[in-house]
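Okay, so here's the structure we're looking at.
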Number of protein chains: 2
Amino acid sequence: MAHGYNGKILVVDLTTETHEVREPEERWYRTYFGGTGIVAETLLTEDLTKVDPLGPENVMVFACSVVTGAPISGFNRYSVGARSPLTGGFARTEAAGFFGPELKFAGFDAILVRGAAKAPVYLWINDGQVEVRDASDLWGLDNWETLEQLRESTGEKKVRVLSIGPAGENLVSYACLQNDLEHFNGRTGMGAVMGSKNLKAIAVRGTGKLTFADPEKVKEIASWHRERIKVHPPNVGLGKFGTPGLVQGVNASGFLPTRNFKEGQFEGAEKLAADNYHDTIFHSRGTCWHCTVACKRKVELEDANYPLDKRFGGAEYETLAAFGSMLAIDNLPAVNYANQLCNLLGLDTISTGCTVAFAMECFEKGILTEEDTGGRSIGFGDAEAMIWLIRQIAAREGIGDVLSLGVKRAAEKIGRGSERYAFHIKGQELGLHDGRGKTGMGLGFALGATGGDHIETPHDVAFQGEGISKLFPMGLFDPVDPVKTDAAKVRFFYIGQKAWGINNLLGLCNFCSVPIHALTFTRLVEAVQAITGWDTSLYEIVLGVERANVMSRVFNNRCGFTPDDDTVIRRWFEKMPAGPLKGMRFDPETFRGWIELYYEMSGWDKDGRPTRGKLVELGLDWLTEGEEGRV
Amino acid sequence: MAHGYNGKILVVDLTTETHEVREPEERWYRTYFGGTGIVAETLLTEDLTKVDPLGPENVMVFACSVVTGAPISGFNRYSVGARSPLTGGFARTEAAGFFGPELKFAGFDAILVRGAAKAPVYLWINDGQVEVRDASDLWGLDNWETLEQLRESTGEKKVRVLSIGPAGENLVSYACLQNDLEHFNGRTGMGAVMGSKNLKAIAVRGTGKLTFADPEKVKEIASWHRERIKVHPPNVGLGKFGTPGLVQGVNASGFLPTRNFKEGQFEGAEKLAADNYHDTIFHSRGTCWHCTVACKRKVELEDANYPLDKRFGGAEYETLAAFGSMLAIDNLPAVNYANQLCNLLGLDTISTGCTVAFAMECFEKGILTEEDTGGRSIGFGDAEAMIWLIRQIAAREGIGDVLSLGVKRAAEKIGRGSERYAFHIKGQELGLHDGRGKTGMGLGFALGATGGDHIETPHDVAFQGEGISKLFPMGLFDPVDPVKTDAAKVRFFYIGQKAWGINNLLGLCNFCSVPIHALTFTRLVEAVQAITGWDTSLYEIVLGVERANVMSRVFNNRCGFTPDDDTVIRRWFEKMPAGPLKGMRFDPETFRGWIELYYEMSGWDKDGRPTRGKLVELGLDWLTEGEEGRV
């Protein structure tokens, strides 16, 4: 190794208001890499499987990777993890933007936060200097106000702020973190964990320069990548339309979740889709650290009911589906306003939309009535009800209090058969993709460690025909049908999960990197080599992915999850009522066979537990337990 | 893929004297690659698990790889396989030299030979033209005479000849193939299979030019590699001393098999070692196709009893141990003369030496007596007895007839407790390395598909201290002790086996390539990309290795091998009697634990059978069987 990788981990204890800096040996970085790897290693070594997710004994980790902050498009993501208050299991949620690189420039690869402050605080990290500062005046502010205030109090216009809104303060189970109001660690309720620690924000300023083993090579790859992004069709499309560009196709294919997963097509989809979006509310493109794709949308609209402000982010595909088709609302300004509200209040738009959909279907079925809502109708298609419910949830007022638990626990509280309409996996609401039309993603939902996770594997449809060749460097040879599931499809998921897992391990944006976007496997490996100086390989990196996945699985097993939790929602075992996928369903027994095949492929036993052999293979000997070495 | 890989497979039926040419699709090449992969795929698709290894229904395969013949040091090996007459299971044996590249230049990636000729024939392949020619006048000739005659009868001075000697004709179970009398497909008795088919030789002349996707890059890598070989210490050492350079160190470390594995040090080792070798018999260095290492030795000696001829090859480390320390013979000319005799007669020096050692120990123990030998003493240390026994074995005369079966079946025939001294694994005699001093290699012996195979994994000792970093691109993180075995050591073997497996898959010389020698993993992947035009990766290549290993395992399972066959020899469960490793032994129960851990790491069940999940992962769905999908 020409160049040794050095890094620092900041460990903050909010209870004692002290901090220390760890400098793990290079080998640790080469084992865990970043993102999911560092999150999983932390959650296990901190032994969080029995702690109260909202108690001071939970530990939050904010992790970049060994390549974060390199000036290559997409090398900008960081992960946040802890024990999840939403699922009770493994939490990990990524965001892009500028926060991750800034943290690296400030001298840290990751932050661990233990304990809880007695009163609201924020963390101020300024080029290696660390302060726990009073945040009493920030408590109660929305994310925009928080950002503005912190720019002022730190005296740094360019400060990067990761913060929670009132929803996080109020411990809504699916409260999120944001940076720059365009980038969100949305899933698994990390906002509530931050809230429980009385930690309003982390403000970072870093002016350091990263050193690379081969700076010229990094530059060359960055420039090659930049030029390729300009012509590589999936990147061109993302730049032009952002993720709203997906709505039309997903709806036409019949797997756009509609009315709480009842249907796969929405009659108002065209109003939510990219053309209308761009004609009516689009303001400009936004981007992340050093990224040429620029898939983010800024929106603007002068409107009495639903005014849109370009500072507060435009809705992505997931949000358009969560507040649009899922709620049968085709009012694009209203849907975007819901998005804006969530961004300011700090709510995950996916879980929020799904929870509102649950409430609306319960109302439709008479399970929830005007008695529960204080006299208000909350039927499908009612944009005002949606906005009202979002505010109620963030504030945990009225019906919002029970809904703030997420659909699983809300249904447990509500009873009256409401659990039939509470669609979640492992306790987390689902990304907006109907598994009956993307069976590989269906497997991803069932098997992802965080539950209901749509970024566990690339979209099945990306791998038809020619697309299949993009996975060749990982050895997948059979074209797969997006709808049909068989052994080849399970293998597709198995390999696709590893491919996208690279991005979550190294903190790369799925929209810039392998396998579908402009960065190829070969150039990715070259980039990691040039940055770290390691003579690494795709083999070693994928081993890192598998190690991270296995650790997250072990964590969940120790939290009490069982193979019964590796499933999908009731409605996907029922026939799709209409559209191109009419009649499609998962057969429960066949589906169980796929899951068991995946276990076997993964070196897990029939109970879904990684074998001792698998742990030893991955260098996770430290996780083996007892006589039988089962975990 | 900028460039599609095209190749041809020649299929010859000797019974009907017909042939055909197959052109598999590119995907087939990218799945099986070459060497072990093509051998294993052939043996399984031809369903050879029940055939008589010496019957016409056995099929031989001679396989190069997609990169064989590229002008890079070490890109020159080919594998030969069939059902083995020695083990009854999977046979595969590599050789280097010039034959493989020549076959590619003649237009073929591989040859399959079916059936058996009625009378002796040879195969003449001349730039794509194929003839089955009469070889009556070659039958009975030694390998040198055969080569000379074929140069004449083909009219091609530069013809490359793969042939068997009298031992192969006589169906000695460990008869070998040779090319240029310096390069041998030594193991698993492929000479006998060729003999059983009445196929004396394959003569090849090829003047075609291989096309590469990126010829400039191939040139650049070749030149980089050449320069590195000149300074990379292990390569410099091999060039200077050849493998005889190992004798001294192996003896000093106490694991030089001596007197039929009774001891680990030989008092006459110095006489066999490199210094004496170079002072007394060394003539010049020899080499293979386009290789800068030049590890081969030519020897010359005028001597009444043991004259050495530079045309007939000099002994390698394995042979020096097999005829030297194993037989307690320190007469270097005699040991080299034994080597020369085996080369001319077509006997594998490892199996021959081990079988002679078995006979000598049986003689020492009184199990074999002068009654068995026709009045001749055959004690340890008797060089003349060694030479006599080699001739008897090749001719299958007297005691040589029973010894021609290999130690396992010879002991079965001899009885009288001789099996206590018959040291083999899965029926094949062992490469000359005492597993008590190289426990990783001990696992390789136990688990290699061909049995007794010393090229299943790199030497443990190469991975001490700094050396360990050479396996980093495959994710091995713990330095391992050569003697101690624990979970980390099993992982070392598991990964080391994959690393060396790359060389057997792609037909690369272990002395030029990964992980210890001058070619690095990164440059190897670049070379495969530049040659084939595939955007491949170390991940995909290692998947190919695992696929080949799993196929060979399935083949053996179907032949009836069980976990009981995954073991080492009795003496390694007993204490080393003296030397630095005094007292070292494998504990049987602990050893079984390592084997079972390896199964688990490999995705094999407790019966050592690859699970359906593993087969599906590797795209080997076609090997799954029955309800349970067990194989």
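The values are calculated or read from the model by the stated rules, or taken from the named source; none is laboratory data. Keep in mind it's a predicted model, so treat the numbers as computed, not measured. Quick reminder, even Gly has a Cβ in these numbers, built from the backbone with ideal geometry, and neighbours come from all protein chains shown. Only protein heavy atoms, including side chains, enter the accessible area calculation; ligands, DNA and RNA are left aside. Shrake-Rupley method; radii C 1.70, N 1.55, O 1.52, S 1.80 Å.
Pull up region A:1-58, narrow it to residues that are within 23 Å of the chain's Cα centre (by Cα) and within 14 Å of chain B (Cβ to nearest Cβ), then point me to the one that is farthest from B:F472 (Cα to Cα).
Among residues in region A:1-58 that are within 23 Å of the chain's Cα centre (by Cα) and within 14 Å of chain B (Cβ to nearest Cβ), the one farthest from B:F472 (Cα to Cα) is A:E41.
In region A:503-514, is there at least one residue being within 11 Å of chain B (Cβ to nearest Cβ) and either open to solvent by 10 Å² or more (accessible area, probe 1.4 Å) or under 25 Å from the mean Cα position of the chain (by Cα) (or both)? Can you show your working first?
Within region A:503-514, the subset within 11 Å of chain B (Cβ to nearest Cβ) is A:514.
This time we only want the ones that are either open to solvent by 10 Å² or more (accessible area, probe 1.4 Å) or under 25 Å from the mean Cα position of the chain (by Cα) (or both), so: A:514.
The answer is yes; a qualifying residue exists.
Need at least 3 residues that are closer than 24 Å to B:V250 by Cβ and not assigned by TED's automatic domain parsing to the domain that holds B:C176 per element, so show me which helices (runs of 4 or more DSSP H) inside region B:325-417 make the cut, counting only ones lying wholly within it. Write out each step before concluding.
Details: elements: B:332-345, B:349-364, B:370-373, B:383-395, B:399-403, B:407-414.
Output list reads B:332-345, B:349-364, B:383-395.
Per-residue answers, yes or no, for (1) under 24 Å from A:A95 (Cα atoms); (2) of a type in the set (V, I, T):
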| position | (1), (2) |
| --- | --- |
| A:A274 | yes, no |
| A:S284 | yes, no |
| A:H290 | yes, no |
| A:G314 | yes, no |
| A:E318 | yes, no |
| A:D330 | no, no |
| A:V335 | yes, yes |
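Looking at region A:516-542, which of the residues that are at the interface with chain B (Cβ under 7 Å from one of its Cβ atoms) and among the charged types (D, E, K, R) is surrounded by the fewest Cβ atoms within 10 Å (Cβ to Cβ)?
Restricting to residues being at the interface with chain B (Cβ under 7 Å from one of its Cβ atoms) and among the charged types (D, E, K, R), the top hit is A:D535.
Of all residues in region B:32-42 being in contact with a strand residue (DSSP E or B) (Cβ under 6 Å, 6 or more places away or on another chain) and part of a helix (DSSP H, G or I), which is surrounded by the fewest Cβ atoms within 10 Å (Cβ to Cβ)? Spell out how you get there, then give the answer.
Filtering region B:32-42 down to residues in contact with a strand residue (DSSP E or B) (Cβ under 6 Å, 6 or more places away or on another chain) leaves B:33-36, B:38-39, B:42.
Restricting the remaining residues to those that are part of a helix (DSSP H, G or I) gives B:35-36, B:38-39, B:42.
Numbers: B:G35: 32, B:T36: 31, B:I38: 32, B:V39: 32, B:T42: 21.
Checking each candidate, the answer is B:T42.
Go over the candidates A:E156, A:E148, A:E131 one by one and state the one that is acidic (D, E) and in a helix (DSSP H, G or I). Step through it out loud before you land on a result.
Details: A:E156 fails: in a helix (DSSP H, G or I); A:E131 fails: in a helix (DSSP H, G or I).
Testing whether each residue is acidic (D, E) and in a helix (DSSP H, G or I) leaves just A:E148.
Suppose the filter is among the small types (G, A, S), closer than 28 Å to B:Y539 by Cα, at pLDDT below 95 and part of a loop (DSSP other than H, G, I, E, B); does A:G619 pass it?
Values: among the small types (G, A, S): yes; closer than 28 Å to B:Y539 by Cα: yes; at pLDDT below 95: yes; part of a loop (DSSP other than H, G, I, E, B): yes.
Answer is yes for this residue.
Please work out which one of (1) in contact with a strand residue (DSSP E or B) (Cβ under 9 Å, 6 or more places away or on another chain); (2) open to solvent by 10 Å² or more (accessible area, probe 1.4 Å) is the condition B:K217 fails and give its number.
Result: B:K217 passes all but (1).
Kindly provide the set of residues from region A:449-479 that are of a type in the set (D, E, K, R), within 14 Å of another protein chain (Cβ to nearest Cβ) and farther than 18 Å from B:V616 by Cα, ordered by number. Talk me through it step by step, then tell me what you get.
The first filter runs over region A:449-479 and keeps only residues of a type in the set (D, E, K, R), leaving A:453, A:456, A:460, A:466, A:470, A:478.
Still in the list and also within 14 Å of another protein chain (Cβ to nearest Cβ): A:466, A:470, A:478.
Residues satisfying the conditions are A:E466, A:K470.
If you scan region B:69-83, which residues turn out to be open to solvent by 10 Å² or more (accessible area, probe 1.4 Å) and outside any strand (DSSP E or B)? Spell out how you get there, then give the answer.
Step one: list which residues in region B:69-83 are open to solvent by 10 Å² or more (accessible area, probe 1.4 Å), which gives B:71, B:77, B:83.
Correct list: B:P71, B:R77.
Only one residue in A:E57, A:E25, A:E102 is over 22 Å from A:L519 (Cα atoms), surrounded by fewer than 24 Cβ atoms within 10 Å (Cβ to Cβ) and either touching a strand residue (DSSP E or B) at 6+ places or on another chain (Cβ under 9 Å) or β-branched (V, I, T) (or both), so which one is that? Quick ask: steps written out before the conclusion?
Values: A:E25 fails: either touching a strand residue (DSSP E or B) at 6+ places or on another chain (Cβ under 9 Å) or β-branched (V, I, T) (or both); A:E102 fails: surrounded by fewer than 24 Cβ atoms within 10 Å (Cβ to Cβ).
The conditions single out A:E57.
Can you name the number of the only condition in (1) within 18 Å of the chain's Cα centre (by Cα); (2) touching a residue at least 12 places away in the same chain (Cβ under 8 Å) that A:C291 fails?
(1)
Looking only at region A:578-618, count how many residues are crowded, with 21+ Cβ neighbours inside 10 Å, closer than 29 Å to B:K489 by Cβ and more than 14 Å from chain B (Cβ to nearest Cβ).
0
In region A:263-277, how many are open to solvent by 10 Å² or more (accessible area, probe 1.4 Å) and out of contact with any helix residue (DSSP H, G or I) (no Cβ under 7 Å at 6 or more places or on another chain)?
Result for region A:263-277: 3.
Search region A:456-466 for residues being touching a residue at least 40 places away in the same chain (Cβ under 8 Å) and open to solvent by less than 10 Å² (accessible area, probe 1.4 Å), and hand back the single one that is nearest to A:G37 (Cα to Cα).
A:T457
Taking only region A:433-450 into account, find how many residues are part of a loop (DSSP other than H, G, I, E, B), touching a helix residue (DSSP H, G or I) at 6+ places or on another chain (Cβ under 8 Å) and not aliphatic (A, V, I, L, M). So that I can check it myself, show each step before the final result.
From region A:433-450, those part of a loop (DSSP other than H, G, I, E, B) are A:433-438, A:448-450; that's our starting set.
Then keep just the ones that are touching a helix residue (DSSP H, G or I) at 6+ places or on another chain (Cβ under 8 Å); that gives A:433-438, A:449-450.
Restricting the remaining residues to those that are not aliphatic (A, V, I, L, M) gives A:433-438, A:450.
Qualifying residue count for the region: 7.
Looking at region A:181-198, is at least one residue in a helix (DSSP H, G or I), in contact (Cβ under 8 Å) with a residue 24 or more places away in the chain and open to solvent by 10 Å² or more (accessible area, probe 1.4 Å)?
Restricting attention to region A:181-198, the residues satisfying the condition of being in a helix (DSSP H, G or I) are A:187-196.
If we keep only those that are in contact (Cβ under 8 Å) with a residue 24 or more places away in the chain as well, we get A:187-196.
Among the residues that remain, those that are also open to solvent by 10 Å² or more (accessible area, probe 1.4 Å) are: A:187, A:196.
Yes, the conditions are met somewhere in region A:181-198.
For region B:238-253, how many residues meet the condition of being touching a helix residue (DSSP H, G or I) at 6+ places or on another chain (Cβ under 6 Å) and open to solvent by less than 30 Å² (accessible area, probe 1.4 Å)?
As a first pass, look at region B:238-253 and keep what is touching a helix residue (DSSP H, G or I) at 6+ places or on another chain (Cβ under 6 Å): B:241, B:243-247, B:251.
In the following step, the residues that additionally are open to solvent by less than 30 Å² (accessible area, probe 1.4 Å) were identified as B:243-244, B:247, B:251.
Residues flagged as touching a helix residue (DSSP H, G or I) at 6+ places or on another chain (Cβ under 6 Å) and open to solvent by less than 30 Å² (accessible area, probe 1.4 Å) within region B:238-253 amount to 4.
From (1) of a type outside the set (A, V, I, L, M, F, W, C); (2) open to solvent by less than 10 Å² (accessible area, probe 1.4 Å); (3) outside any helix (DSSP H, G or I), pick out the condition that doesn't hold for B:G168.
Tallying (1) of a type outside the set (A, V, I, L, M, F, W, C); (2) open to solvent by less than 10 Å² (accessible area, probe 1.4 Å); (3) outside any helix (DSSP H, G or I), B:G168 fails exactly one: (3).
Of the residues that make up region B:489-497, is at least one open to solvent by 10 Å² or more (accessible area, probe 1.4 Å), in contact with a helix residue (DSSP H, G or I) (Cβ under 9 Å, 6 or more places away or on another chain) and either on the phi < 0 side of the Ramachandran plot or within 8 Å of another protein chain (Cβ to nearest Cβ) (or both)? I'd like the intermediate steps shown before the answer.
So in region B:489-497, the residues open to solvent by 10 Å² or more (accessible area, probe 1.4 Å) come out as none.
Checking region B:489-497: not a single residue is open to solvent by 10 Å² or more (accessible area, probe 1.4 Å), in contact with a helix residue (DSSP H, G or I) (Cβ under 9 Å, 6 or more places away or on another chain) and either on the phi < 0 side of the Ramachandran plot or within 8 Å of another protein chain (Cβ to nearest Cβ) (or both).
Select from region B:430-455 the residues that are farther than 24 Å from B:K262 by Cβ and surrounded by 24 or more Cβ atoms within 10 Å (Cβ to Cβ) and list them in ascending order.
The first filter runs over region B:430-455 and keeps only residues farther than 24 Å from B:K262 by Cβ, leaving B:447, B:449-450, B:455.
Passing the criteria: B:L447, B:A449, B:T450.
What do you reckon, is A:L443 within 14 Å of chain B (Cβ to nearest Cβ), under 30 Å from A:L238 (Cα atoms), out of contact with any Ser or Thr (no Cβ under 6 Å at 6 or more places or on another chain) and in contact (Cβ under 8 Å) with a residue 60 or more places away in the chain? Lay out the reasoning, then the answer.
Details: within 14 Å of chain B (Cβ to nearest Cβ): yes; under 30 Å from A:L238 (Cα atoms): yes; out of contact with any Ser or Thr (no Cβ under 6 Å at 6 or more places or on another chain): yes; in contact (Cβ under 8 Å) with a residue 60 or more places away in the chain: yes.
Spelling it out, A:L443 is indeed within 14 Å of chain B (Cβ to nearest Cβ), under 30 Å from A:L238 (Cα atoms), out of contact with any Ser or Thr (no Cβ under 6 Å at 6 or more places or on another chain) and in contact (Cβ under 8 Å) with a residue 60 or more places away in the chain.
Could you tell me which of the residues B:K413, B:K408, B:K470 is under 23 Å from the mean Cα position of the chain (by Cα), farther than 20 Å from B:L341 by Cβ and basic (K, R)?
On the way: B:K413 fails: under 23 Å from the mean Cα position of the chain (by Cα); B:K470 fails: under 23 Å from the mean Cα position of the chain (by Cα).
It is B:K408.
Would you check which residues across region B:380-397 are over 28 Å from B:G268 (Cα atoms) and in contact with a Ser or Thr (Cβ under 7 Å, 6 or more places away or on another chain) and list them? Show your work before the answer.
We begin by selecting, within region B:380-397, every residue over 28 Å from B:G268 (Cα atoms); these are B:395-397.
The one that is over 28 Å from B:G268 (Cα atoms) and in contact with a Ser or Thr (Cβ under 7 Å, 6 or more places away or on another chain): B:R396.
Please go through region A:485-534 and pick out each residue that is modelled with pLDDT of 95 or more and among the acidic types (D, E).
A:E526
Of the conditions (1) open to solvent by less than 50 Å² (accessible area, probe 1.4 Å); (2) more than 23 Å from the chain's Cα centre (by Cα); (3) charged (D, E, K, R); (4) facing chain B (nearest Cβ under 9 Å), A:R547 satisfies every one except a single condition; which number is it?
(2)
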